[in-house]
1. Determine whether the stretch 158-166 contains at least one residue that is part of a helix (DSSP H, G or I), out of contact with any strand residue (DSSP E or B) (no Cβ under 9 Å at 6 or more places or on another chain) and over 28 Å from Ile72 (Cβ atoms).
2. Looking at Pro90, is it out of contact with any helix residue (DSSP H, G or I) (no Cβ under 6 Å at 6 or more places or on another chain), open to solvent by 10 Å² or more (accessible area, probe 1.4 Å), more than 24 Å from Ala40 (Cβ to Cβ) and at pLDDT 95 or above?
3. Taking the condition of being within 17 Å of Leu160 (Cβ to Cβ) and out of contact with any Leu (no Cβ under 6 Å at 6 or more places or on another chain), how many residues in the stretch 31-42 meet it?
4. From the list Ser126, Ser119, which residue is of a type in the set (Ser, Thr, Tyr) and either buried (at least 23 other Cβ atoms within 10 Å of the Cβ) or not in a helix (DSSP H, G or I) (or both)?
5. Residue check, Ile324 against (1) in contact (Cβ under 8 Å) with a residue 40 or more places away in the chain; (2) surrounded by fewer than 23 Cβ atoms within 10 Å (Cβ to Cβ); (3) within 23 Å of Val215 (Cβ to Cβ), all met but one. Which one?
6. Residues to consider are Gly158, Gly141, Gly150; find the one that is touching a residue at least 40 places away in the same chain (Cβ under 8 Å), of a type outside the set (Val, Ile, Thr), in contact with a Lys or Arg (Cβ under 6 Å, 6 or more places away or on another chain) and surrounded by 24 or more Cβ atoms within 10 Å (Cβ to Cβ).
7. Working only within the stretch 375-399, note down all residues that are part of a helix (DSSP H, G or I), in contact with a helix residue (DSSP H, G or I) (Cβ under 8 Å, 6 or more places away or on another chain) and β-branched (Val, Ile, Thr).
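The values are calculated or read from the model by the stated rules, or taken from the named source; none is laboratory data. Note that the structure is predicted; figures quoted are calculated from it, not measured. Please note: Cβ atoms are built from the backbone with ideal geometry, for glycine as well, and neighbour counts cover all protein chains shown. Accessible surface areas use protein heavy atoms only, side chains included; no ligands, DNA or RNA. Shrake-Rupley method; radii C 1.70, N 1.55, O 1.52, S 1.80 Å.
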Amino acid sequence: MTHPSTLARPALTEPGDRARPTRVAPSLPAAAMTALGLFAAARLTGILALAATAWATGRHPIVLLARSWDSIWYLGIAAHGYGRTLYFGPTVVHSDLAFFPLYPALVRGVTAVTPLNASTAGLLVSWLAAGAAACGMYAIGARLYGRAVGTAVVLLWGLLPHSVVLSMAYTEPVLTAFAAWSLYAVLGGHWVWAGVLAALAGLSRPNGFAVAAAVLAAAAYEVWRLRARKVPHRLWTGAALAPLGWVGYVLWVGRRRGDPLRGYFEVQRLWGSRFDFGEGSLRFVKHLLLDGDRFVFPVTLGIVAAATVLYALLIADRAPLPLIVYSGVLLLIALGGSGFFESKPRFLLPAFPLLLPLARALVRTARARPWHATVVVGALAGLSFAYGAYLVVLAHTPL
C-alpha cells in the first residue's frame, strides 16, 4: 500500500491563502452530487444554446451532437467494424484504424442490449462517461484540497470553451472517466485498479497512453522510495497492466498493416497526424500571427497558451506526481503533434488537473468576494455556451 504522503497530500480547506488538513469521507458524499448536478446543469444549458442555434439555422441538434466529424467514424466502426478507408491522394489516406476501439465497442454493446440506434447510443455512452469523469475529478479535488475545490474543478470542466465536446458522441469523456478514476486509485495506493483503468484508458484514445505514463511514473517513484524494503506485488501488477491497452491496439494495427512496430504510426501519418516536436504547431502559429485566420484559430492559440501557463502553475503548486505526469504528457502530445491545429483544445479536455490552480483561486474568491466569483462563473458560462454553439453549428471547422 502506498504511503499517503508520497503521491497525494491530504484534503485542505482554504480560508484565504492558508490551508489546514481535514478528512474527506471515502464514500461519494452529498457534495459530490452537488458537483455532478452543477456539471449536468452546465452541459444541459450548453445543449439548449446549441439547439436554439441549430433550429435557427434549419439544422437538427441531435444530428449535430451525434454525427459530426470523428463521431461518424466511431459510429461506423460500431456498426460495421474496421475496414473503412478514404483516399484523397497518395499522401493523404484516412483509415478508420486511426480510431481506438473502446468507444465503438461500448456503443455496439448498448445497441445490442437496448432498442437504441447507434447515434443515440453514442450520445448515451458519452454522457454517462462525462458524469463518471466528473465524479472522478471531484473525488481527486476533494481528496487533495477539500470538497469546495472538488466542486469547482467539476464546474470549470463543464464550462470550458470546448466543453460542448463532452455532450457529443466523442471519446474524450470516456478517456477522462477512466483517467480520473485511475489517478484516484494511484493516489490511494490501489495499484491493480489503477493499472486496469489505465489499460482501458489506453484503449479509448491515442493520447490515452498519458494515463499509463502517470501510473508507471508513480510506480517507479514508489519503487525508489521502498528500495530498502520489499515492493508489494500489487504495485508490479498495476504497473504491468497500465500500458497493455494502448500497446495492444498499436501492435494489432501494426500487425494488420504488415509492420507491427510502425504500422499504426504510418496510419496516423497518412491522416496528417504525427509527433514532430512542435514543428507543425510553430509553423501554424507563425501563419496565424503574420497572416491572420478564422476566429477559431486565435481562440485555439489562446487556449493552448493558457494550458501551458496552467501546467506551470500546477507544478509550482507541487501537485502529486501522477497528476503532473498525466497532464504533462497530454500537453506534450498536443503541443508536439502535427495535424489539425484547431483540434488541440479538444485533445486537452482530459487534462483536468490543469484546472486545479484555477479551482483553488475560484474558491478563495468565492469566500472573500462572492459577487466576483459569480461574475467569473457567469462569464465562463456565456463564453462556453456561445462558443460551443458556434463551433458545432456555424464554424464548419473540424473539432
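1. no
2. no
3. Here the count works out to 5.
4. After ruling out the rest, the residue left standing is Ser126.
5. (1)
6. Among Gly158, Gly141, Gly150, only Gly158 is touching a residue at least 40 places away in the same chain (Cβ under 8 Å), of a type outside the set (Val, Ile, Thr), in contact with a Lys or Arg (Cβ under 6 Å, 6 or more places away or on another chain) and surrounded by 24 or more Cβ atoms within 10 Å (Cβ to Cβ).
7. Val376, Val377, Val392, Val393
One line per residue, one yes/no per condition, for (1) within 12 Å of the chain's Cα centre (by Cα); (2) small (Gly, Ala, Ser); (3) open to solvent by less than 10 Å² (accessible area, probe 1.4 Å):
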{"site": "Ala179", "(1), (2), (3)": "yes, yes, yes"}
{"site": "Tyr184", "(1), (2), (3)": "no, no, no"}
{"site": "Ala199", "(1), (2), (3)": "no, yes, no"}
{"site": "Ala214", "(1), (2), (3)": "no, yes, yes"}
{"site": "Glu222", "(1), (2), (3)": "no, no, yes"}
{"site": "Arg225", "(1), (2), (3)": "no, no, no"}
